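The values are calculated or read from the model by the stated rules, or taken from the named source; none is laboratory data. Quick caveat, the model's predicted, so the values are computed rather than measured. Backbone-built Cβ (ideal geometry, glycine too); neighbour counts: all protein chains shown. Keep in mind that these areas ignore ligands, DNA and RNA; they rest on the heavy atoms of the full protein, side chains included. Shrake-Rupley method; radii C 1.70, N 1.55, O 1.52, S 1.80 Å.
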Amino acid sequence: MKVITLVVPCYNEEKVLQDFYHQVTKVASKMREVTFEVLFVDDGSRDNTLSMLKELRRWDKRVRYISFSRNFGKEAALYAGLQNATGEYVAVMDADLQDPPSLLEEMYHVLENEDYDCIATRRGDRTGESPIRSFFARTFYKLINKISRTEIVDGARDFRLMSRKMVDSILSMNEYNRFSKGLFSWVGFKTKWISYENIERVAGESKWSFWSLLLYALDGVIAFSTVPLIISSLTGLFFCAIAFLTIIFVVVRTLVWGEPVAGYPSLVSILFFLSGMQLFGIGILGQYLSKTYLEVKNRPVYIERCTEKDVERDERYAQSM
Ligand code: UDP
Ligand code: MG
């Protein structure tokens, strides 16, 4: 029998785990032709997530978990999940039921019967989102698709089912700054997109604030495009050209009309403007440098604190005493 691994990152999800588990078992009992492995990645939760996972594992050996030593972020959790997944097919999905497990059946049949390596989902619309957030999200997707060769689909969710080949190719990219939406697209493969209406999370709250999303978007731009560097160089060239023309203008004017140099206010504003542009350029450079710095340090993407194997070994050991 083929195995489908569900990779589920969880950060403080005690309120939704039970619901999620029930929905998944329902789907699993319908899909008798495959075996499920549900791999939860506890991303350093501060609530009862881990003890609930231990409990689930006690009842159901299809459940597995990895617990991090602290919060490393969803991207790290996804990476750990993909690394430890054993299935022929691997799905990544959120714990909050915003990614309906009921879609898995259809997704699996498409992968089995049609010539695709991946089924990905996107949200049909942005209802339930604040207009400002929608505006920024749309602008981000427009911008990044203009300046990056990797296509990043507007409204794409991380929820997708992939073949083993695709998972392995994603794992072959062991970069530290992981922007999954880009990585999934970068590796290529034939992807079928299905869309569904946006669903609110069942309980608990989103971990993304406006600022964290903005920073995440910047990460995406820097990871998948070097166009900002080119823009900063071109702006530099443009200002050099203007400076050259003004020099000629001032020299000619002084020689012909003999006017003394006046205009302290204009000088000050130009000075401010140019130093602003310079700092802006250095800032862009700094962003790339800082990413390179983190990459070069070669730190692990995540640190594992315990898995179901450790816990069960300890329990067996305790029993044998
Ligand atoms: N998540 C995580 N680590 C984090 C933040 C989030 O593993 O640092 C998980 C979270 O538990 C959930 C998924 O990522 O399963 C999506 O998070 P959330 O629902 O907060 O994001 P949203 O759906 O609002 O984009
Ligand atoms: Mg969510």
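Residue-by-condition table, conditions (1) within 16 Å of ligand 1 (Cβ to nearest atom); (2) of a type outside the set (Asp, Glu); (3) within 20 Å of residue 302 (Cα to Cα):
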| site | (1), (2), (3) |
| --- | --- |
| 53 | yes, yes, yes |
| 75 | yes, no, yes |
| 78 | yes, yes, yes |
| 89 | no, yes, no |
| 97 | yes, yes, no |
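Here's the yes/no breakdown for (1) over 30 Å from residue 37 (Cβ atoms); (2) among the hydroxyl-bearing types (Ser, Thr, Tyr); (3) open to solvent by 60 Å² or more (accessible area, probe 1.4 Å):
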position: 244; (1), (2), (3): yes, no, yes
position: 251; (1), (2), (3): yes, no, yes
position: 262; (1), (2), (3): yes, no, yes
position: 273; (1), (2), (3): yes, no, yes
position: 279; (1), (2), (3): yes, no, yes
position: 284; (1), (2), (3): yes, no, no
position: 316; (1), (2), (3): no, no, yes
position: 319; (1), (2), (3): no, no, yes
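When 122, 62 are checked against the criterion of being within 21 Å of the chain's Cα centre (by Cα), closer than 25 Å to residue 31 by Cα and basic (Lys, Arg), 122 stands alone in meeting it.
In the set (1) in contact with a Lys or Arg (Cβ under 9 Å, 6 or more places away or on another chain); (2) within 16 Å of ligand 2 (Cβ to nearest atom), residue 13 fails one condition alone, (1). Within region 171-186, which residues are closer than 20 Å to residue 285 by Cα and open to solvent by 40 Å² or more (accessible area, probe 1.4 Å)? Hits for region 171-186 are 175, 176. When region 293-309 is filtered for residues that are among the β-branched types (Val, Ile, Thr) and either more than 30 Å from residue 85 (Cβ to Cβ) or loosely packed, with under 12 Cβ neighbours inside 10 Å (or both), only 296 remains. Among helices (runs of 4 or more DSSP H) entirely within region 227-321, having at least 3 residues that are closer than 30 Å to residue 53 by Cα and not β-branched (Val, Ile, Thr) singles out 308-320. All of (1) in a helix (DSSP H, G or I); (2) closer than 16 Å to residue 193 by Cβ; (3) among the β-branched types (Val, Ile, Thr) hold for residue 132 with one exception: (2). Output the residues belonging to region 179-211 that are at positive phi and not hydrophobic (A, V, I, L, M, F, W, C). Residues satisfying the conditions are 188, 204.
Of everything in region 216-226, what is assigned to a helix (DSSP H, G or I) and open to solvent by less than 50 Å² (accessible area, probe 1.4 Å)? Give them in sequence order. Passing the criteria: 216, 217, 220, 221, 222, 223, 224.
Inside region 187-215, can you point out the residues that are within 14 Å of ligand 2 (Cβ to nearest atom), open to solvent by less than 60 Å² (accessible area, probe 1.4 Å) and basic (Lys, Arg)? If the condition is that a residue be within 14 Å of ligand 2 (Cβ to nearest atom), open to solvent by less than 60 Å² (accessible area, probe 1.4 Å) and basic (Lys, Arg), then 201 is the only one that fits. Residue 168: assigned to a loop (DSSP other than H, G, I, E, B), open to solvent by 20 Å² or more (accessible area, probe 1.4 Å) and within 30 Å of residue 37 (Cα to Cα), yes or no? The answer is no for residue 168. Between 133, 138, 149, 122, the distinction of being under 30 Å from residue 226 (Cβ atoms) and at pLDDT below 85 belongs to 133 only.
Could you say whether any residue in region 130-141 is surrounded by fewer than 18 Cβ atoms within 10 Å (Cβ to Cβ) and under 14 Å from residue 184 (Cβ atoms)? No; the residues of region 130-141 include none that is surrounded by fewer than 18 Cβ atoms within 10 Å (Cβ to Cβ) and under 14 Å from residue 184 (Cβ atoms).
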